[in-house]
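One structure is given below, encoded as structure tokens.
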Amino acid sequence: KKPVIIDTDPGIDDAVAIAIALHDETLEVRLITTVAGNVSLEKVTNNALKLVRFFEMDVPVAAGANRPLIKEAIDASNVHGETGMGGYDFEEPDESLLLKEHAVTAMYKEIMNSEQPVTILAIGPLTNIALLIRLHPEVSDNIKEIVMMGGSTARGNAGVMAEFNVFADPEAAKIVFDSDIPLVMVGLDIGLKALVYPEDSRIIKGMNETGDMIYQLFQHYRGGSLRKGLKMYDSTAVGYLLNPDMFEIAETYVDIELNGPLTKGCTVVDLKGYLGKAPNAKVAVNIDTAQFKEWFVASIGKCK
Ligand code: BDR
Ligand code: CA
């Protein structure tokens, strides 16, 4: 099994991605770390614990950064609701799974103690990963790759040109992209194509307990509209881990705009090589939407 750490800010689409990752037989999710993003650190950590309890899995959770490195915090409660995961009445979380140590320390230990290189699935702002790289640069030797949902090869959703996870903490994203750790970027433009329509959510609803739970979260998710399709951003990153053939990938250089008053947080994806730099990321440039849908529904079908 592939050892995985999920760094997340649940988040309705995070919840779906976590469900799929936890139930896949080829992955071993060893740790879930949380980062302020969609809502506050306290809320996203509580949500992660609720999910672990719901799935009856003993995966430890560690709380990480409560704000970005430099920028003021933003949130996306307009998309995910005030609690970040509204719409389902979860049981109170099992606090015993919450580690006392900071997410960055927990990740460091997990990575250094792992007999196999660890994959990081990053589906929130990149603050924790950037801190990890700066505090413990030696981790790079035992990270297989970072697969992130974030950035965009096209336009943005948090600004004209910036996607939420990168826009929330652009300096952190810059550290990650400059780190030389193998990196896969599955961006906003891919998520915009990975849509779940009413007929799909009806199938999901009847499948199992997880399907029912997700169906209820979907009624509160403003990441698209039920009728025009809900955007499964974070699941596309899990999709890359589990079924990379769904994607068309370009190895290319990506830089993060940190200064432009109109473009701060934009991922500058140099597909044509204007900047003359060596590639630092594999960037998903297209997704087979029919395959995605089939994979997505089948994956929910494997859940509790
Ligand atoms: C990303 O932003 C968040 O709101 C979602 O959970 C996803 O990680 C999409 O831009
Ligand atoms: Ca997220």
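The values are calculated or read from the model by the stated rules, or taken from the named source; none is laboratory data. These figures come from a predicted structure and were not determined experimentally. We place every Cβ from the backbone using ideal geometry, glycine too, and count neighbours over all the protein chains shown.
Quick notes
- Scope segment 141-174; condition among the β-branched types (Val, Ile, Thr) and closer than 16 Å to ASN259 by Cβ; matching residues: VAL160, VAL166
- Filter result (within 24 Å of TYR215 (Cβ to Cβ) and hydroxyl-bearing (Ser, Thr, Tyr)) within segment 56-109: SER77, THR83, TYR88
- Hits in segment 259-304 - residues which are among the small types (Gly, Ala, Ser), free of Cβ contacts under 8 Å to residues at least 60 places away in the same chain and assigned to a strand (DSSP E or B): none
- All of ASP245, ASP255 fail the test of being outside any loop (DSSP other than H, G, I, E, B) and surrounded by 15 or more Cβ atoms within 10 Å (Cβ to Cβ), apart from ASP255.
- For LYS228, the conditions (1) modelled with pLDDT under 95; (2) surrounded by 15 or more Cβ atoms within 10 Å (Cβ to Cβ); (3) not aliphatic (A, V, I, L, M) are fulfilled apart from (2).
- One residue from GLU101, GLU95 being among the acidic types (Asp, Glu) and at pLDDT 95 or above: GLU101
- Neighbours by Cβ (under 7 Å, 6+ apart or cross-chain): first from segment 34-61, closer than 9 Å to LEU97 by Cβ and modelled with pLDDT of 95 or more; second more than 11 Å from ligand 2 (Cβ to nearest atom) and polar (S, T, N, Q): VAL61/THR45
- VAL184 being of a type in the set (A, V, I, L, M, F, W, C), within 17 Å of the chain's Cα centre (by Cα) and on the phi < 0 side of the Ramachandran plot: yes
- Listed here are the strands (runs of 3 or more DSSP E) enclosed by segment 1-88 that have at least 3 residues being within 11 Å of ligand 2 (Cβ to nearest atom) and under 20 Å from ALA130 (Cβ atoms): 2-8.
- Scanning segment 96-150 for residues that are more than 16 Å from ligand 2 (Cβ to nearest atom) and of a type in the set (Ser, Thr, Tyr), we see that the one that is surrounded by the fewest Cβ atoms within 10 Å (Cβ to Cβ) is SER96.
- Yes/no for GLY150 being under 15 Å from the mean Cα position of the chain (by Cα) and at positive phi: yes
- Index of the failed condition, MET213 passing every other in (1) of a type outside the set (Ser, Thr, Tyr); (2) more than 16 Å from ligand 2 (Cβ to nearest atom); (3) surrounded by fewer than 24 Cβ atoms within 10 Å (Cβ to Cβ): (3)
- Among the residues of segment 65-89, those identified as within 21 Å of ALA19 (Cβ to Cβ) and touching a residue at least 60 places away in the same chain (Cβ under 8 Å) are ALA76, VAL79, HIS80, GLY81, GLY84, MET85, GLY86, GLY87, TYR88.
- Against the test of being among the hydroxyl-bearing types (Ser, Thr, Tyr) and in contact with a Phe, Trp or Tyr (Cβ under 9 Å, 6 or more places away or on another chain), the options THR210, THR252 yield a single qualifying residue, THR210.
- In segment 127-232, counting only helices (runs of 4 or more DSSP H) that sit wholly within it, the ones holding 3 or more residues that are away from ligand 1 (no atom under 14 Å from the Cβ) span 127-135, 170-177, 198-207, 209-218.
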